[in-house]
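The values are calculated or read from the model by the stated rules, or taken from the named source; none is laboratory data. Since we're looking at a predicted model, the values are computed, not measured. Reconstructed Cβ throughout: ideal geometry from the backbone, glycine too, with neighbour counts over all protein chains shown.
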Amino acid sequence: MLVELLSKQKRVEKALGRTLKSLSSLETYLSSLKAEHLQVTKLQEVVEQYDATAGNLDEKVTELEKELKETEEAIKEERKRLAGPTGNEKLNLKATIGVFADSEGEIKIALIYGTWYKPPPEFPPKNSIYPHRQQPSMRQHGAQATTFALTCNPKKSQ
């Protein structure tokens, strides 16, 4: 959805640019007319044509500006939606594990955790280095289980 909105934004921006350029070209054309090249009887017709054409272009500019603003708002809302919920303290819980041992040895810790994260479709971009790329829990939701093998080397008291 975000990709479609960004594409629409680009199309509307280009259409708006073309319309403004057309309006500018029309004004340049009218200002370049010289009395010796225009019959007096045709003056009213030229001015009426200019007014009608400029009016149509002005309406198109107004419509495109409105469409661009709506598209930008939709992009903003979609990005907010993709970012997920905010402001909930329970979603930002952190845990610290302290391991104390009297003797050296290997221990295993099983860490079971649940996540709820849905990244935008283009995130992370291909060929990028993203620190959470190795953690499957950052790419899908649900419970995950990870086992860590640690070697404890207790500090000897002096």
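Candidates are the residues of segment 71-123 that are of a type outside the set (D, E, K, R), at pLDDT 65 or above and within 15 Å of the chain's Cα centre (by Cα); the one that is surrounded by the most Cβ atoms within 10 Å (Cβ to Cβ) is 71.
Listed by first and then second residue, the pairs linking a residue in segment 43-57 that is assigned by TED's automatic domain parsing to the domain that holds residue 20 to a residue that is β-branched (Val, Ile, Thr), with Cβ atoms under 6 Å apart and 6 or more places separating them unless they lie on different chains, are 57/19. In a residue-by-residue description of segment 29-41, the property of being surrounded by 12 or more Cβ atoms within 10 Å (Cβ to Cβ), closer than 30 Å to residue 75 by Cβ and in the same structural domain as residue 75 (by TED's automatic domain parsing) applies to no position.
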